[in-house]
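Shown next, in structure tokens, is the structure this report addresses.
The values are calculated or read from the model by the stated rules, or taken from the named source; none is laboratory data. All figures in this text were calculated on a predicted structure; none of them were measured in a lab. Neighbour counts are summed over all protein chains in view; Cβ atoms, including those assigned to glycine, are modelled from backbone coordinates with ideal geometry. The protein model used for the area step is the full one, side chains on, heavy atoms only, and it has no ligands, DNA or RNA in it. Shrake-Rupley method; radii C 1.70, N 1.55, O 1.52, S 1.80 Å.
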Amino acid sequence: MECTTNTRKLIVDLFEINALKFGKFTLKSGIESPVYFDLRVIVSYPAIMEKVSDLLWDAVTSDVEFKHLCGVPYTALPLATCMAVKYNKPMLIRRKEAKDYGTKKMIEGVFVEGDKCLIVEDVVTSGTSVMETAQSLDQVGLKVTDAVVLLNREQGGKNMLASNGIQLHSVLKLSQVSKILEQEGKLSKEVVDEVEQFIVKNQFQNGAVALKRKQENKEESEKKKIKQRLTYKDRKEVCCHIVAQKLLDIMEKKSTNLAFSVDVTKCQEVLKVNLTLP
């Protein structure tokens, strides 16, 4: 989408409400980024949320046919809702996981197999979140050929989606955002250059790099958790309370979390047990 007066104003508004942040941030994929988009905050600014939903609608309605809208959970849900209500377009809801009771549906709403559904997203990086939603819709017989996003980070997500038959329409692009903020005196040229270099150096190929880095980051996090776990013996050595020391000693010897059990009905009765511990 071309940069109009409305989109330029929106970029400045998003910056001023801290939906667009510049600095050093670690993304979910594990990559360190000079920019972070926290678009969840726009739900607290109804006028901005309405403006965003209007621009999302305008980005696709001229040449895209669809019968339903579906927002990628969870940030895009209020945006899709605004679009559905204002433009009288039926909306579907995709659950992140199916309920283990009731209908156990992943897709909620009324539709007919073969209907076209437009996916709505707030930010696209590698495109994997859009693909996950598309797969859930496909499993119930819905067709997905297009998706619309507020911000395309220009890191390969558009090409990845295109290779899977989904055309991505965007209101804003990362390079466009940084340049306009520079023109408005909100960012220095050094920050803009850093953002441009980041885009070039962090391109995802069919989502594979994104998934790999996400897995590596998860494994590193698990290693840190393991290092932080103390044995019962270690805990006993750093514990100062005599009763707690005795309980940890019992758990170590029995190799179990169950140190003792009591059949009482009041907390005060449990507290008296410490007087009888050997």
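Just the number please: accessible area per residue for the chain, 1.4 Å probe, all protein chains included, in Å².
Per-residue accessible area for the chain comes out at 59 Å².
Å³ per residue of the Cα convex hull, for the range 1-156?
132 Å³
Starting from the Cα-Cα distance between Lys105 and Tyr74, subtract it from 0.36 nm times their residue separation and give me the gain in nm to one decimal.
Computed gain between Lys105 and Tyr74 is 9.5 nm.
Give the calculated FRET efficiency between Lys189 and Gln135 to the nearest 0.05, with a Förster radius of 51 Å applied to their Cβ-Cβ distance.
In this case the efficiency is close to 0.75.
State log₁₀ I(q)/I(0) for the range 40-127 at q = 0.12, 0.15, 0.20 Å⁻¹ as given by the Debye formula over alpha-carbon point scatterers of equal weight, solvent excluded.
Calculated log10 I(q)/I(0) at the listed q: -0.38, -0.59, -1.00.
Just Val60, Val72, Val112 to compare: in a GNM of the chain, with alpha carbon springs under 10 Å, which one fluctuates most?
Val112
Among Thr231, Thr265, Thr26, determine the one that fluctuates most according to a GNM of the chain built with springs between C-alpha atoms less than 10 Å apart.
Fluctuation is largest for Thr265.
So for the pair Glu50, Leu230, with labels modelled 7 Å out along Cα→Cβ, what separation do we get in nm?
If labels sit at Glu50 and Leu230, their model points lie 5.6 nm apart.
So if each residue of separation counts as 0.36 nm, and I subtract the Cα-Cα distance between Thr145 and Thr5, what length gain in nm does that give?
47.5 nm
As a check on your grasp of the helix formula, calculate [θ] at 222 nm for the chain: sum -39500 (n - 2.57) over DSSP H runs of n ≥ 4, divide by the residue count, round to the nearest 500.
-13500 deg cm²/dmol
Give me the log10 of I(q) over I(0) for the chain at q = 0.08, 0.12 Å⁻¹, as the Debye formula computes it from C-alpha points; what are the numbers?
Values, matching the q order: -0.50, -0.80.
May I ask which of Lys96/Lys173; Lys104/Lys173; Lys9/Lys143; Lys28/Lys253; Lys28/Lys233; Lys116/Lys179 have a Cα-Cα span longer than 32 Å here?
Exceeds cut-off: Lys104/Lys173; Lys9/Lys143; Lys28/Lys253; Lys28/Lys233; Lys116/Lys179.
How large is the dipole of the chain about the Cα centre if only Lys and Arg carry +1 and Asp and Glu carry -1, each at its Cβ, rounded to the nearest 20 debye?
Roughly 1180 debye for the chain.
Using a simple charge model, +1 on the beta-carbon of Lys and Arg, -1 on the beta-carbon of Asp and Glu, nothing else, what dipole does the range 1-64 show about its Cα centre, in debye to the nearest 20?
320 debye
Where the Cα atoms of the range 100-185 are projected onto their three principal axes, how long is each span, largest first, in whole Å?
Computed over the Cα atoms, the extents are 54, 27, 19 Å.
How large, in Å, is the range 159-199 by the Kirkwood hydrodynamic radius built from its alpha-carbon pairs?
Computed over Cα pairs of the range 159-199, the Kirkwood hydrodynamic radius comes out at 11.6 Å.
Might you work out the accessible area of Glu237 for me, using a 1.4 Å probe with all protein chains in place, and round it to the nearest 10 Å²?
Only protein atoms counted, so the area is about 130 Å².
Using a 1.4 angstrom probe on heavy atoms only, work out the carbon and sulfur share of the accessible area of the chain in %.
That fraction is 50 percent.
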